[in-house]
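FYI, it's all coordinate maths here, none of it is from the lab. Quick caveat, the model's predicted, so the values are computed rather than measured. For neighbour counting, all protein chains shown are included, and Cβ atoms are generated from backbone atoms with ideal geometry for every residue, glycine included.
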Amino acid sequence: MVSRAEPSLSGRWWWSIDRLILTALVALMVSGVVLLMAGGPPVAERLGLSTFHFVNRQAAYLAAALVIFLGVSLMSPRHVRRVALFIYVVSLAMVVATLYFGVEVKGAKRWLTMGPLGSVQPSEFLKPAFVVLAAWAFAEGTRRPDLPGTLFAMLLLPVTIVPLVMQPDFGQTMLVSLVWCGLFFVAGLHWFWVIGLGGIGAVGILVAYELVPHVRARIERFMDKGSGDTFQVDTALESFAQGGWLGKGPGEGTVKRILPDAHTDFIFAVTAEEFGIVVCILLVVLFAIIVLRSLFVAQKAEDPFIRLAVTGLALLFGIQAAINMMVNLHMMPAKGMTLPFISYGGSSLLSLAIGTGFLLALTRRRPRAVDFGSYRR
Amino acid sequence: MSHTRENEAAMDEANGATEAAPRRGRLAWLRDVFRMSGEKSEPRVGLVILGFSALFIAITARLVLLATLPNEQVGLRRATATATSSARPDIVDRNGEVLATDIRTVSVFAEPRKILDKDEATELLTAVLPDLDAKELREKLGTKKGFVWVQREITPRQQAEVHRLGIPGVGFVPENKRVYPNGTAAAHILGFANIDNVGIAGMEKYIDSQGLQDLNGAGFATESTDLKPVKLSIDLRVQHLLRDELMKGMERFKAIAAAGAIMDVTTGEVLGLASLPDFDPNNPVDALEKDRINRMSVGVYEMGSTFKALTIAMALDSGKANINSSYSTAGGMMRFGRQVIKEYHGTGRTLTVPEVFLHSSNMGSIKMALAVGVEGHKAFLKKMMQLDRMTTELPESAAPIVPTRWGEINTATIAFGHGLAVAPIQALAAVAALVNGGYLMKPTFLKRSEEDAKKTAIRVIKPETSEAMRFIMRLNGEKGSARKADIPGYFVGGKTGTAEKVINGRYAKNKNFTTFTAIAPSDKPKYLFLAIYDEPKGYAESGGYSTAAWNAGVTTGKLIERAAPILGLTPRFDPPPSPFPLMAKLGAWGSR
């Protein structure tokens with residue numbers, strides 16, 4: 001079928017792609033639709049939509065996402081950079097546009113209505129593009145000290161997060177900043193700064209806790225279950241308790257009916273209730289495979305751009321997944337973050353397709369050209 | 001040329017090397033700090049890998065932990081945590097008698113989505129639980145909710161019957177039901193808890209405000225035995241007799257309402273407090289009716305002549321008067337602009353301070369108050385906590401009604417207890433301060449020691465003034481209007497107060513609000529008694545009088561007679577040798 005002998009496009013793709021990551025990603029995408037069959041219907045019913053509204057839409061988006069995903073994974077690193085630059089510029093413009101034309105949902109303007117296409121959340125698309133660009137800038141900074149790559153990378157962060165903060169979307173802001181910090185660290189930031197900035201960050205959190213009542217309330221609510229409204233987290237924990245090892249079985253969940261955002265932020269808890277904690281652990285394993293495998297590939301990569309971009313994309317993917325799961329498990333304060341490929345969301349799914357497509361494209365094994373990726377120590 | 005220059009440079013370098021080496025090391029370090037070191041990225045990705053591994057392992061560990069947790073009971077409890085009754089601590093009186101406790105009951109719930117035949121389930125359930133409204137139940141079961149109550153707090157027999165029906169989707173949750181074994185006895189103090197065991201009135205609400213609900217939210221405190229009982233200052237025996245005497249009095253004097261309290265003046269503890277009509281906290285269906293308020297703390301009244309005690313204490317304490325000062329009551333009336341104030345028991349002669357109190361002279365009180373002046377009067381009443389809302393543990397309280405513009409006429413009327421309406425418990429606290437040596441403390445419903453009370457007490461009058469107040473109250477008990485309460489052996493002192501009720505903005509001549517305040521024993525007061533009647537009527541023995549002595553005074557006498565032995569007050573049938581040394585020394589009227 002795909003022979004190594006004839007160097008067709010698909011043949012080259014198949015033999016150079018990282019098939020472990022590919023398998024894990026496809027497994028995640030498929031399980032996403034299956035798990036949404038548990039989390040989607042109760043929310044759809046509550047909103048008065050048809051039972052499988054979310055599942056159907058997600059399946060449709062997934063088809064589109066698969067196409068994008070495969071298409072993007074065919075690209076060369078050079079293409080990846082160009083596409084990322086293009087996506088970045090367009091989506092940043094759209095994020096800025098949300099501030100003026102956005103639809104206000106729950107006090108934040110994050111969505112743009114695109115006529116018949118429905119509404120999109122441009123900040124989703126901004127994330128992978130930002131990571132690739134930041135990695136590019138950092139890589140240039142280390143490879144060619146004569147170019148202001150590092151400075152450019154440092155400017156990239158405020159440019160990206162200021163409109164996000166204005167939306168406001170603190171979840172995305174946090175994610176983008178964390179990934180950027182991770183990239184800066186991997187790019188070779190001196191320990192002096194790592195410790196110093198880390199210390200400043202810790203002091204900042206302390207000051208925020210002391211001075212900003214909203215932050216204080218959030219943290220205290222997390223630390224002390226008795227105070228304030230912990231309905232979401234309590235209900236999520238209840239799902240895990242009711243599910244047990246093997247779950248109640250598909251469609252048998254009851255806690256999911258009262259769990260808010262069962263189809264997005266808390267789908268992990270719904271999974272536990274219906275399919276059991278074993279399936280949850282399998283999901284964790286899938287995420288771990290994708291993230292760790294990508295990082296190992298990044299470690300071995302010789303091209304600094306590849307190394308940084310793959311690390312950044314893996315960070316983006318991994319941090320988002322970890323935060324979502326930890327919120328579900330009450331290991332950290334509530335934060336609106338979706339579980340990659342499992343939570344419902346069209347923009348999120350397409351953005352993930354682009355991000356993981358980049359990841360696959362960059363983790364492809366490629367002949368080591370002497371000039372390409374030459375590394376001056 | 002170039003050669004030599006190089007040489008020179010080399011020489012320079014060699015010369016400077018010794019001293020520049022450390023600086024260059026520092027410089028190199030600085031340069032290093034500001035340089036991105038790309039060669040470090042490989043091990044650093046390794047660190048990121050380690051970090052992620054730890055994160056994923058932690059998540060897996062947490063999942064395993066949640067899976068191995070015993071879930072069934074925890075789950076049920078959590079699902080119904082907001083709905084079911086949480087445990088409450090027992091409330092006991094000062095001797096440990098139970099006033100309120102939890103008992104375990106069972107409630108029936110249904111999961112409508114799991115009930116297959118809703119009509120059949122409705123039929124079966126209503127057959128076993130006849131109190132249920134079939135239509136309402138059918139509607140509840142018809143919803144798509146995950147959880148509905150069928151009936152709360154059923155009996156074990158009913159539970160067995162429902163169980164035997166074997167309807168899928170119908171289950172039981174153990175709950176706590178609040179019971180008050182003494183029924184109405186301390187209704188207004190205890191308040192009550194609703195069906196979810198949330199305190200919504202009285203001490204029950206107070207307990208919740210002290211953080212009990214938080215405790216439940218955290219999953220602690222599921223049984224009342226886990227919680228430390230709340231010990232009140234109430235003595236159940238005293239509480240019973242207080243309510244009993246007020247009940248009898250209300251019937252005999254045909255009053256529309258009655259209230260009373262007994263307080264320890266040394267600690268501010270309330271030993272008993274009753275307000276009639278009351279309610280049964282076990283079934284508080286009528287608790288919200290208008291006439292069921294706690295008249296001691298929510299009602300505000302013009303306290304009448306009882307306030308004269310405050311006026312006299314103020315005048316004596318300010319030094320504007322002493323125990324031997326005298327005031328003319330000639331004419332029997334005073335004019336303030338168009339207002340005329342008359343003496344009630346007019347004597348027409350000049351009265352000394354004790355006589356003013358004994359004859360309850362309005363004119364004497366007015367003259368004493370005016371001697372202090374309007375501002376001094378206001379300041380004194382403020383100090384005595386009569387002008388602001390008094391908050392005790394009971395959440396129900398009322399702010400006094402204070403004249404908005406306070407002129408001379410207001411001081412004149414307030415001097416004899418009209419024109420300022422306060423909550424009786426507020427007046428009680430003030431009188432306690434007048435007789436206990438001058439310490440004002442907020443009344444409390446929680447048991448406390450004298451030391452603790454002293455810590456929060458504020459000195460408001462001099463000890464000498466306090467002695468004078470005890471002296472004149474005792475005189476009044478011996479010779480004056482408080483004779484009805486002078487139970488032999490307890491050296492009782494007291495003051496009557498009769499205020500005309502304000503009906504539609506006018507004082508009604510025939511509708512009285514009567515109070516009686518008594519202390520025992522007067523030489524060293526321990527207990528303060530207060531009885532109040534709203535619109536008492538005259539009766540045969542009283543010769544038609546409905547003033548305080550004939551109703552509130554009689555009741556207070558009975559209260560002292562019955563409560564004093566219980567409270568351990570030893571009767572002394574020989575009068576104390578020198579009860580009021582200072583008064584004797586000053587040669588006050590009536591001290592010989």
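Report, in whole Å, the centroid distance computed from the Cα atoms of the range A:322-349 and the range A:232-263.
Distance between centres, Cα-based: 15 Å.
Straight-line reach only, C-alpha to C-alpha below 30 angstrom: list the lysines that B:Lys537 could link to, leaving out same-chain residues fewer than 8 apart.
Correct list for B:Lys537: B:Lys248, B:Lys254, B:Lys290, B:Lys308, B:Lys342, B:Lys479, B:Lys484, B:Lys495, B:Lys501, B:Lys509, B:Lys511, B:Lys558.
To the nearest 500 deg cm²/dmol, what mean residue ellipticity at 222 nm is calculated for chain B from DSSP H runs of n ≥ 4 alone, each contributing -39,500 (n - 2.57), summed and divided by the residues?
-12500 deg cm²/dmol
Lysines within cross-link reach of B:Lys447: Cα-Cα under 18 Å, excluding same-chain residues under 8 positions apart?
B:Lys205, B:Lys228, B:Lys231, B:Lys455, B:Lys526
Within 14 Å, Cβ to Cβ, of B:Lys342, how many net charges do the neighbouring residues add up to if Lys/Arg are +1 and Asp/Glu are -1?
0
Taking only complete DSSP H runs, can you tell me which helices of chain B stretch 20 Å or more along their own long axis by Cα positions and average at least -1.0 on the Kyte-Doolittle scale?
On the way: long enough: B:2-33 (36 Å, -1.03); B:41-68 (40 Å, 1.56); B:236-252 (24 Å, -0.69); B:463-479 (24 Å, -0.81); B:552-566 (21 Å, 0.45).
The qualifying helices are B:41-68, B:236-252, B:463-479, B:552-566.
Which value at 222 nm does chain A reach when only helices count, each DSSP H run of 4 or more adding -39,500 (n - 2.57), with the total divided by all residues and rounded to the nearest 500 deg cm²/dmol?
That calculation yields -23500 deg cm²/dmol at 222 nm.
About the Cα centre of chain A, how large is the charge dipole given +1 on each Lys and Arg Cβ and -1 on each Asp and Glu Cβ? Please answer in debye to the nearest 20.
1180 debye
Can you tally the net charge around B:Tyr327? Count Lys and Arg as +1, Asp and Glu as -1, for every other residue whose Cβ sits under 14 Å from the Cβ of B:Tyr327.
Numbers: positive: B:Lys308, B:Lys320, B:Arg349, B:Lys367; negative: B:Glu343, B:Glu355.
Net charge around B:Tyr327: +2.
Which ordering of B:His188, B:His240 is given by a fewest-first count of other beta-carbon atoms within 10 Å? If you can, show how the numbers build up before the last one.
Numbers: B:His188 28, B:His240 17.
With the fewest neighbours first, B:His188, B:His240 line up as B:His240, B:His188.
Let me confirm one metric for peptide A:243-251, namely the mean number of other chain beta-carbon atoms within 10 Å of its residues' beta-carbons.
Whole-number average of other-chain Cβ neighbours for A:243-251 is 2.
Cβ under 12 Å from B:Gly376's Cβ, B:Gly376 left aside: what net charge do those residues give with Lys, Arg +1 and Asp, Glu -1? Intermediate values should be presented prior to the final figure.
On the way: positive: B:Lys320, B:Lys378, B:Lys382, B:Lys383; negative: B:Asp317, B:Glu375.
My count for the surroundings of B:Gly376 gives +2.
Hey, can you list the DSSP H helices of chain A whose Cα span along the axis is 27 Å or longer and whose average Kyte-Doolittle score is at least 0.5?
Numbers: long enough: A:19-46 (40 Å, 1.46); A:53-73 (30 Å, 1.23); A:77-101 (35 Å, 1.26); A:122-143 (31 Å, 0.55); A:191-211 (29 Å, 1.68); A:277-300 (34 Å, 2.55); A:304-328 (35 Å, 1.42).
Those that pass (Cα extent of 27 Å or more, hydropathy at least 0.5) are A:19-46, A:53-73, A:77-101, A:122-143, A:191-211, A:277-300, A:304-328.
Quick check on the exposure proxy: order A:Arg293, B:Arg164 from fewest to most C-beta atoms within 10 angstrom.
B:Arg164, A:Arg293
Give me the one-decimal nm value for the distance between modelled label points at B:Asn283 and B:Ile503, 7 Å along each residue's Cα-to-Cβ direction.
Placing both labels 7 Å beyond Cα along the Cβ direction yields 3.4 nm.
Can you give the average number of partner chain beta-carbon atoms within 10 Å of each beta-carbon in peptide A:140-146, as a whole number? Could you put the intermediate results ahead of the total?
Working: counts 0, 3, 7, 2, 0, 3, 0.
That average works out to 2.
List the lysines whose alpha-carbon lies under 28 Å from that of A:Lys127, not counting same-chain residues fewer than 8 positions away?
A:Lys106, A:Lys109, A:Lys300, A:Lys335, B:Lys40
Fewest to most neighbouring Cβ within 10 Å: what's the order for B:Met263, B:Met469, A:Met332?
In increasing order of surrounding Cβ atoms, one gets A:Met332, B:Met263, B:Met469.
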